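Here, each number is a calculation from the coordinates, and none is a lab measurement. All values reported here derive from a predicted model rather than from experimental measurement. Please note: Cβ atoms are built from the backbone with ideal geometry, for glycine as well, and neighbour counts cover all protein chains shown.
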Amino acid sequence: MLSYSLTKLNICSKYSILIVLSITAILYSCNSQLNKLPETTNSFTIAKADSVIKGSLVTEQKRIAYDNTKYYHYLLNQEVKVTQGGASGKLLNGKYEVFDKQMSILKSGSLKDGLKIGEWKDWHTNGSLKRRVQYKRGVEHGHYFEYNSQGRLRIIGKFKNGLKHGIAKELDVDGKVISYIIYKNGFIVPNKSSKKEIITKKERPKEREKRENNPKKST
């Protein structure tokens with residue numbers, strides 16, 4: 001009888017320990033969730049006279065240290081506003097799209113804390129791609145691509161902290177480089193782009209220089 005009682009007591013003790021551990025785990029989980037509240041995102045759609053805007057925003061805003069040099073996108077009175085150095089509404093977060101009245105895409109990209117991030121795209125009204133550019137915390141940073149109305153790549157360049165930097169190339173309809181401009185921190189490098197430089201596989205710059213310095217005599 002005593003042995004049976006001890007066995008029963010041991011079983012009860014084990015169950016008690018399991019229950020205590022389970023409760024502890026639940027309380028810890030709840031406490032962790034309270035310390036790190038999940039962001040609640042609300043989507044919105046705004047129909048205007050000539051366009052439709054779709055976006056999302058965080059309902060519980062965190063404290064933002066605004067940068068006076070950057071432009072913030074926010075929602076105020078059912079209008080998307082853009083203000084330099086701050087915002088007076090709910091900041092946009094997540095995917096952002098603009099359509100025309102026929103719901104053809106015109107613009108798409110992403111925002112974080114009201115600032116543009118990642119790749120943004122623009123389209124011509126005929127539906128072909130117009131422009132692609134990379135953003136980093138609200139400023140252009142990385143490669144950009146511009147397309148003509150037929151969707152053919154026309155310009156390739158690069159931004160560095162919001163300024164054009166490096167070589168910008170112009171392409172013909174066959175994708176060959178026909179001219180270039182060299183930028184340094186937003187300024188055109190002198191004596192490098194005063195006139196178009198035509199570069200082809202048949203004639204490289206050194207060959208062109210040799211030909212120009214030694215023109216053939218006319219017969």
Phi to ³J(HN,Hα) by Karplus 6.51 cos²θ - 1.76 cosθ + 1.60 over segment 175-185, Hz, x for Gly, Pro
x, 8, 6, 10, 6, 8, 10, 9, 10, 9, 6
Segment 118-138 residues near the modelled ASP100 label - backbone nitrogen below 17 Å, point 7 Å along Cα→Cβ
122-131
Rough spin-label spacing in nm, given labels placed 7 Å along Cα→Cβ, for ASP174 and TYR66
5.4 nm
Name the residues whose placed amide hydrogens come within less than 5 Å of the amide hydrogen of GLY142, ignoring near sequence neighbours (fewer than 5 apart) on the same chain.
PHE159, LYS160, ASN161
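Once the Cα gyration tensor of segment 145-188 is found, what semi-axes does its equivalent ellipsoid get, as square roots of 5 times the eigenvalues, in whole Å, sorted largest first?
Working: eigenvalues 90, 26, 7 Å².
Whole-Å semi-axes of the equivalent ellipsoid: 21, 11, 6.
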Counting pairwise Cα distances across segment 39-103, what percent come out greater than 14 angstrom?
58 percent
Segment 81-188, convex hull of Cα, quarter of hull surface, nm² -> 7.8 nm²
Around GLU146: net Lys/Arg minus Asp/Glu count, Cβ-Cβ under 11 Å:
+4
Here segment 68-77 yields Karplus 3J(HN,Hα) values (6.51, -1.76, 1.60; θ = phi - 60°; whole Hz; Gly and Pro given as x) of 5, 8, 10, 9, 9, 9, 8, 9, 9, 6
Calculated from backbone phi, Karplus (6.51, -1.76, 1.60) coupling profile of segment 101-118 in Hz, x at Gly/Pro:
5, 8, 6, 8, 5, 10, 7, 8, x, 10, 10, 9, 6, x, 9, 5, 9, x
What FRET efficiency would be calculated for the residue pair GLU119, VAL189, taking the C-beta separation as r and a Förster radius of 25 Å, to the nearest 0.05?
0.40
With the 8 Å Cα cutoff and a minimum separation of six or more residues, segment 64-112 has a relative contact order in percent of 27 percent
